[in-house]
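Input: a single structure, listed below in structure tokens.
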Amino acid sequence: MELSEGGVEIDVEQPRDGTREGSGDGVFFNPTMELNRDITVAVLRAYQEREPRVATYLDGMAASGIRGVRAANEGYDVTCCDTDSKAVALARQNLARNDLDGAVVERNVNALLHEEMFDIVDLDPFGTPIPFADAAFAQTRNMVCVTATDTAPICGAHLNSGKRKYSAVPRNTDYHPEMGLRTLISALVRTAARYDVAAEPICSHVSRHYARTYLELDHSASRADDLLESLGFVHHCEDCLAREHEFGWYPESVPETCPNCGSNRVVTAGPIWLGGVADSEFTELVRQQLSPELGERKQADKLLATVADELDTPTHYDQHRLCKQWGVPANAMDEFLDDLRAAGYEATPAQYSGTAFKTDADVTEIREAAAPDADN
Ligand SMILES: C[S@@+](CC[C@H](N)C(=O)[O-])C[C@H]1O[C@@H](n2cnc3c(N)ncnc32)[C@H](O)[C@@H]1O
Ligand SMILES: [Zn+2]
């Protein structure tokens with residue numbers, strides 16, 4: 001079937017939704033990833049404005065070629081790569097359908113990357129991107145864009161798989177989507193550092209089905225060393241939801257009991273990325289690139305506005321979860337955040353859900369400043 005997305009015409013086979021990726025016959029196409037692809041186009045535009053010399057873009061796992069076609073439509077010099085001969089034929093057809101030039105190769109992206117360098121490399125695999133990360137960081141000049149759809153391993157729900165794939169211990173907490181994103185970024189930053197490359201996240205977002213991050217590269221060993229200092233550990237109390245973090249390669253001060261409530265149900269996650277997941281200024285530039293032909297423009301704008309404003313704390317809280325914990329009915333988020341600010345704390349919504357927020361207050365301070373009355 002034919003469809004149009006972001007101003008290009010694309011032939012796809014039977015679309016599959018986010019829950020069926022990796023299964024079924026035919027070349028993969030997921031219509032619900034349009035938001036992800038619209039943001040990619042806006043990032044490519046914003047990045048080219050900032051770095052006018054970037055030209056080459058590798059769509060490393062092309063499937064129908066939709067990302068590559070859309071990047072070519074933005075003036076990038078595109079290569080689409082896929083191991084599946086049917087995908088390669090479809091990607092070629094889709095470039096031609098839009099009168100766009102571009103190379104299409106039937107290769108393992110790791111093999112291709114061992115032969116050629118690109119300015120921007122986009123990894124959009126089924127599941128974990130880790131098997132492709134080494135080649136990407138070794139062979140990319142400016143930016144690596146990464147999607148991970150293995151949300152259960154990265155957030156700690158499938159702990160052993162998370163440990164194996166990401167060389168970290170992710171923990172399943174009430175902020176699990178952020179845990180997933182920070183586990184992913186940690187592994188990517190460490191992988192890039194192996195090549196003396198600093199890979200700094202300049203924009204990131206998550207959904208129920210994936211985490212997506214854009215890492216700008218600086219080919220400097222000392223900058224890579226600097227970035228590694230943003231790795232560390234979170235100690236999380238499963239009873240009162242208090243959490244602390246510490247920077248470093250290994251945890252030095254693991255609490256045996258929770259300093260807040262005395263519970264012995266404290267878990268430690270790490271090494272995860274404790275730094276910012278986005279550069280606010282760049283994310284605002286990306287927002288400005290959300291033009292009317294992008295079908296998910298409104299949702300993308302809302303999401304990126306939240307990402308740009310979000311406080312750089314390593315974990316977020318969920319207002320409903322806290323109110324449940326305290327045995328009080330939840331009030332409106334705006335009112336809750338205003339109460340925190342009135343008490344002198346910083347507080348912002350967070351991208352992870354409609355009830356997610358970030359603050360520099362701890363759980364006790366949040367309760368004192370903002371817990372609604374029980375008879376609200
Ligand atoms: C999730 S789909 C890509 C979706 C596409 N980027 C989009 O936005 O619609 C993953 C694709 O990766 C391809 N693939 C799997 N292993 C690969 C490898 N080692 N090198 C290149 N492509 C690979 C699969 O054939 C499949 O077409
Ligand atoms: Zn506790």
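The values are calculated or read from the model by the stated rules, or taken from the named source; none is laboratory data. As the structure is a prediction and not an experimental result, all values here were calculated from the model. So basically every Cβ, Gly included, is an ideal-geometry build from the backbone, and we count neighbours across all protein chains shown.
From the list Asp279, Asp312, Asp373, exactly one residue is in contact (Cβ under 8 Å) with a residue 12 or more places away in the chain and closer than 21 Å to Leu44 by Cβ. Which is it?
On inspection, the qualifying residue turns out to be Asp279.
Scan the range 239-256 residue by residue and report those that are near ligand 2 (Cβ under 8 Å from one of its atoms) and of a type outside the set (A, V, I, L, M, F, W, C).
Listed by number, the list holds a single entry, Asp239.
Listed residues Gly26, Gly60; which is surrounded by 15 or more Cβ atoms within 10 Å (Cβ to Cβ), within 20 Å of Gly127 (Cα to Cα) and at pLDDT 95 or above?
Only one candidate qualifies: Gly60.
Suppose we filter Ser161, Ser204 for residues that are in contact with a Lys or Arg (Cβ under 8 Å, 6 or more places away or on another chain), more than 16 Å from ligand 2 (Cβ to nearest atom), in the same structural domain as Val43 (by TED's automatic domain parsing) and not hydrophobic (A, V, I, L, M, F, W, C); which single one remains?
Of the residues listed, the single one that is in contact with a Lys or Arg (Cβ under 8 Å, 6 or more places away or on another chain), more than 16 Å from ligand 2 (Cβ to nearest atom), in the same structural domain as Val43 (by TED's automatic domain parsing) and not hydrophobic (A, V, I, L, M, F, W, C) is Ser204.
Could you please find all residues in the range 74-97 being among the polar types (S, T, N, Q) and surrounded by 19 or more Cβ atoms within 10 Å (Cβ to Cβ)?
Residues satisfying the conditions are Thr79, Asn94.
If I go through the range 299-354 residue by residue, how many of them are surrounded by fewer than 16 Cβ atoms within 10 Å (Cβ to Cβ) and of a type in the set (Val, Ile, Thr)?
0
Provide a single number: the residues in the range 305-346 that are outside any loop (DSSP other than H, G, I, E, B), over 14 Å from Ala278 (Cα atoms) and of a type in the set (A, V, I, L, M, F, W, C).
Looking only at that region, the number is 8.
Inspect all residues belonging to the range 256-271 and state whether any of them is modelled with pLDDT of 95 or more, under 19 Å from the mean Cα position of the chain (by Cα) and within 25 Å of Val8 (Cβ to Cβ).
No: the range 256-271 contains no residue that is modelled with pLDDT of 95 or more, under 19 Å from the mean Cα position of the chain (by Cα) and within 25 Å of Val8 (Cβ to Cβ).
If you scan the range 211-267, which residues turn out to be among the small types (Gly, Ala, Ser), assigned to a loop (DSSP other than H, G, I, E, B) and crowded, with 17+ Cβ neighbours inside 10 Å?
Passing the criteria: Ser230, Ala242.
Looking for something in contact with a Ser or Thr (Cβ under 7 Å, 6 or more places away or on another chain) and either within 16 Å of ligand 2 (Cβ to nearest atom) or not hydroxyl-bearing (Ser, Thr, Tyr) (or both) - is there at least one such residue anywhere in the range 223-230?
No, the range 223-230 contains no residue that is in contact with a Ser or Thr (Cβ under 7 Å, 6 or more places away or on another chain) and either within 16 Å of ligand 2 (Cβ to nearest atom) or not hydroxyl-bearing (Ser, Thr, Tyr) (or both).
State the number of residues belonging to the range 107-136 that are more than 17 Å from the chain's Cα centre (by Cα) and either more than 9 Å from ligand 1 (Cβ to nearest atom) or at pLDDT below 95 (or both).
9
Would you be able to tell me the number of residues in the range 86-103 that are within 12 Å of ligand 1 (Cβ to nearest atom) and either of a type outside the set (A, V, I, L, M, F, W, C) or not assigned by TED's automatic domain parsing to the domain that holds Glu9 (or both)?
So the answer is 2.
Could you please tell me which pairs satisfy a Cβ distance under 7 Å, a separation of 6+ or placement on different chains, a first residue in the range 123-139 that is within 11 Å of Ala187 (Cβ to Cβ) and in contact (Cβ under 8 Å) with a residue 12 or more places away in the chain, and a second residue that is aromatic (Phe, Trp, Tyr) and surrounded by 21 or more Cβ atoms within 10 Å (Cβ to Cβ)?
Close Cβ pairs satisfying both conditions: Ile130/Tyr166.
At least 1 residues that are of a type in the set (S, T, N, Q) and over 25 Å from Asp225 (Cβ atoms) in each: list the helices (runs of 4 or more DSSP H) lying fully within the range 101-192 that qualify.
Per the criteria, 109-115, 151-155, 159-166.
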